[in-house]
Amino acid sequence: MTDVIFYEKVGCGNNTKQKAWLRAAGHNVIAKDLLTEPWTKESLQPYLAGLAVADWFNRAAPKVKNGEIIPEQLSAEQALALLLAEPLLIRRPLMQVADEYRMGFGAETVSAWLGVAGLPQGENLEACPRSSPAQIP
C-alpha cells in the first residue's frame with residue numbers, strides 16, 4: 001500500500017472519484033484541502049516542475065473560464081504569484097508519493113505512476129462536470 005498525499009477541493013465530485021480510484025487500487029489516500037493549505041513558492045514548485053505554465057491552472061476556475069486570467073500569456077513568476085494568492089486557480093489534484101509530485105489526474109499518467117487500473121481512457125478526468133458558470137468550483 002502506498003501513501004498518497006492528495007490535495008483536493010473539498011466537495012469536488014471529480015476529486016471524490018479520483019480518491020475512490022486510488023483507494024480501489026489499494027492506496028492509502030491522505031486527503032488535504034488545497035484551498036486552506038498555506039502554500040509557499042517552495043512548497044508548490046515541486047508539483048509544477050516539468051509542466052508548461054499554462055498547465056498549472058485549473059481551467060474551471062472562474063477567472064480562467066471567463067478570460068480574466070489567460071494562463072498562456074503569463075510568465076512563470078506571474079503565474080506562481082497568482083496561484084499562491086488564489087489557490088482555486090491551482091490545477092487539481094496535487095498528489096505526492098514519497099519524493100514524487102504530480103499535478104492533475106490524467107488516466108495514462110496516474111495508471112503508469114500508481115498502477116491504477118480501470119480508469120476511463122480518452123476522457124478528461126479533471127474537467128468540471130458542472131456546466132453553469134454560477135456553479136464552477
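The values are calculated or read from the model by the stated rules, or taken from the named source; none is laboratory data. Since this is a predicted model, take the numbers as computed values, not measurements. Methodologically, a virtual Cβ is constructed for each residue, glycine included, from the backbone with ideal geometry; neighbour enumeration extends over all protein chains shown. Accessible surface is based on the protein model in full, side chains and every heavy atom, while ligands, DNA and RNA are left aside. Shrake-Rupley method; radii C 1.70, N 1.55, O 1.52, S 1.80 Å.
Within the stretch 90-121, find all residues whose amide N lies under 17 Å from a label point positioned 7 Å from the Cα of Asp3 along Cα-to-beta-carbon. What the label zone holds, given the 17 Å backbone N cut-off, is 95-102.
What is the log10 of I(q)/I(0) for the chain, computed with the Debye formula using one identical point scatterer on each Cα and no solvent, at q = 0.09, 0.17 Å⁻¹? At q = 0.09, 0.17 Å⁻¹ the computed log10 ratios are -0.25, -0.93. Per residue, the chain exposes 53 Å² of accessible surface when a 1.4 Å probe is rolled over the protein heavy atoms with every protein chain present. Share of carbon and sulfur in the accessible area of the chain stands at 51%, probe radius 1.4 Å. Here each label is just a point 7 Å from Cα along the line to Cβ, and for Thr36 and Ala112 those points are 3.6 nm apart.
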